[in-house]
Amino acid sequence: MAFRRCGCMRDGLTTVVEQNMENSGRAAECRFDLLGIGNAIVDVLAPVEADFPQRNGMVPGSMALIDGQRAQTLYNQIRREKEMGGGSAANTCVVASNMGARVAYLGKVADDAPGQAFGADLQAAGVYFPSVPLQGDEGDHNPTARCIILVTPDGQRTMNTYLGACVTFSPEDVLADVVQASKVIYMEGYLFDPPAAQEAFRTAARIAHEAGRKVALSLSDRFCVDRHRAAFHDLVRGHVDILFANEDEICALYQTDDFDEAARRVAAETHFAVLTRSERGSVIIQDQKRIVIESVRTQVIDTTGAGDAYAAGFLAGWTSDRTLAECGRLGSVAASEVISHYGARPLINMRQDMDF
Ligand SMILES: Nc1ncnc2c1ncn2[C@@H]1O[C@H](COP(=O)(O)OP(=O)(O)O)[C@@H](O)[C@H]1O
Ligand SMILES: O=C(O)C[C@@H](O)[C@H](O)C(=O)COP(=O)(O)O
């Protein structure tokens, strides 16, 4: 089955696309399959030597929050390979759109050159991006966020994020009509770092559920889970319909080193969780039933965005009524594409060029 394509992404929201959702019981009459909400970030990718992260006080494979000065120091220190739109949920949106889903995104940039580039990347990918950039003094004090991503020869990425304009994202930035028009909203756990965005997160979840839409959450990073464990527990137990997490993150949530124990505990607390395990693939858990999905082997150049792309493939499949096994396979296929080159966004048109 081919994914549906929306040819009117930038029309006014009064146009509601009629959907034929015969067997899903999910939302009918949605303009968007997927709405991503997250920290709007420009990624700066750079190859570094294997020991660079440790030598510079970083934990390999993690995301650390840094201030503007540290961002500038690192920026001057590295050999920049690529600068491009990033942000975890935004990456998911771009990949899902590339796979044929109809996608919108909400996030905060400043009205500066990186912010304009971030918006242009989304627009080029067919993602509807109605968020208003920060203007004037506020924008001058909070420039568009940057993530300095250091990639070691084994393809591992270590991220250093300066949040900039993202710290101003608040409930007012949650556009209710866009939320209501989306089958599923997908929010990144990183949104729990900027304080006002936590409230925005809850606002978006409430609006979505009131409109009969689904809410998906990615736990994002194990240290992010450590920072916000109680809030994530609360969300997982009561407010999230689909949970995405990698092995480290789900283990961090339940404070265990044992993946099987973490998987058992999440199965007891939630109806639907999707757990990724890097080259070991993923496990989909729905109502205690487990489906194991293999990864797709590829030459790994840069693992930035593997989890984001997996979620994209999965949700593109889920919102077009694929079976769970097919959703998982689409996740693995999407992830294998983005880890085979620098950057978290696809270099090909996956819908056209790959076997779905
Ligand atoms: N080395 C790899 N080889 C093949 N696929 C991979 C590899 N690393 C990640 N993937 C794919 O990406 C998905 C997400 O990767 P994972 O590392 O678990 O998430 P994250 O990027 O969030 O840390 C995996 O389920 C798998 O499909
Ligand atoms: O959101 C961030 O702080 C980093 C993003 O800009 C980055 O593109 C990212 O999240 C990569 O995704 P991941 O490797 O799947 O975590």
Leu330 being within 17 Å of the chain's Cα centre (by Cα), away from ligand 2 (no atom under 12 Å from the Cβ) and within 20 Å of Arg222 (Cβ to Cβ): no
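Condition check ((1) closer than 19 Å to Gly38 by Cβ; (2) surrounded by fewer than 23 Cβ atoms within 10 Å (Cβ to Cβ); (3) under 19 Å from the mean Cα position of the chain (by Cα); (4) of a type in the set (Val, Ile, Thr)) across all residues:
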| residue | (1), (2), (3), (4) |
| --- | --- |
| Arg280 | no, yes, no, no |
| Ser295 | no, yes, yes, no |
| Asp308 | yes, no, yes, no |
| Thr319 | yes, no, yes, yes |
| Arg322 | no, yes, no, no |
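Kindly establish whether Ala110 is within 19 Å of Phe32 (Cβ to Cβ) and either without any contact (Cβ under 8 Å) to a residue 40 or more places away in the chain or touching a strand residue (DSSP E or B) at 6+ places or on another chain (Cβ under 6 Å) (or both).
Numbers: within 19 Å of Phe32 (Cβ to Cβ): no; either without any contact (Cβ under 8 Å) to a residue 40 or more places away in the chain or touching a strand residue (DSSP E or B) at 6+ places or on another chain (Cβ under 6 Å) (or both): yes.
The answer is no for Ala110.
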Where Asp287 falls short, out of the listed (1) over 13 Å from Leu243 (Cβ atoms); (2) within 16 Å of ligand 2 (Cβ to nearest atom): (2)
Filtered residue count, region 26-35, keeping only those that are buried (at least 16 other Cβ atoms within 10 Å of the Cβ), more than 16 Å from the chain's Cα centre (by Cα) and either acidic (Asp, Glu) or within 12 Å of ligand 2 (Cβ to nearest atom) (or both): 0
Positions within region 36-55 being loosely packed, with under 14 Cβ neighbours inside 10 Å and touching a helix residue (DSSP H, G or I) at 6+ places or on another chain (Cβ under 9 Å), in sequence order: Glu49
Residue match in region 68-81 (condition: crowded, with 24+ Cβ neighbours inside 10 Å and outside any helix (DSSP H, G or I)): no
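Quick one: would you say Val225 is out of contact with any Ser or Thr (no Cβ under 9 Å at 6 or more places or on another chain), closer than 27 Å to Pro60 by Cβ and within 16 Å of ligand 2 (Cβ to nearest atom)?
yes
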Test: residue in region 333-347 that is over 14 Å from the mean Cα position of the chain (by Cα), over 23 Å from Arg80 (Cβ atoms) and modelled with pLDDT of 95 or more: yes
All positions within region 125-138 that are buried (at least 20 other Cβ atoms within 10 Å of the Cβ) and not in a loop (DSSP other than H, G, I, E, B): Tyr128, Leu134
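Among the strands (runs of 3 or more DSSP E) lying completely within region 148-242, list those that include at least 1 residues that are surrounded by 22 or more Cβ atoms within 10 Å (Cβ to Cβ) and without any contact (Cβ under 8 Å) to a residue 40 or more places away in the chain. Steps first, answer last, please.
Values: elements: 157-162, 182-188, 214-218.
Output list reads 214-218.
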Exclusive hit being within 27 Å of Gly115 (Cα to Cα) and either modelled with pLDDT of 95 or more or in a loop (DSSP other than H, G, I, E, B) (or both), set Ala27, Ala50, Ala46: Ala46
Close pairs from region 132-143: first modelled with pLDDT of 95 or more, partner acidic (Asp, Glu), Cβ under 7 Å, at least 6 apart: Pro133/Asp111; Leu134/Asp111; Pro143/Asp112
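Is it fair to say Ala110 is closer than 22 Å to Phe201 by Cβ and either out of contact with any helix residue (DSSP H, G or I) (no Cβ under 7 Å at 6 or more places or on another chain) or among the acidic types (Asp, Glu) (or both)?
no
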Hits in region 235-279 - residues which are among the acidic types (Asp, Glu) and away from ligand 2 (no atom under 16 Å from the Cβ): Asp241, Asp257, Asp258, Asp260, Glu261, Glu269
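The values are calculated or read from the model by the stated rules, or taken from the named source; none is laboratory data. If you're wondering where the values come from, they're calculated on a predicted model, not measured in any experiment. Using ideal geometry, Cβ is built from the backbone for each residue, glycine included, and neighbour counts are taken over all protein chains shown.
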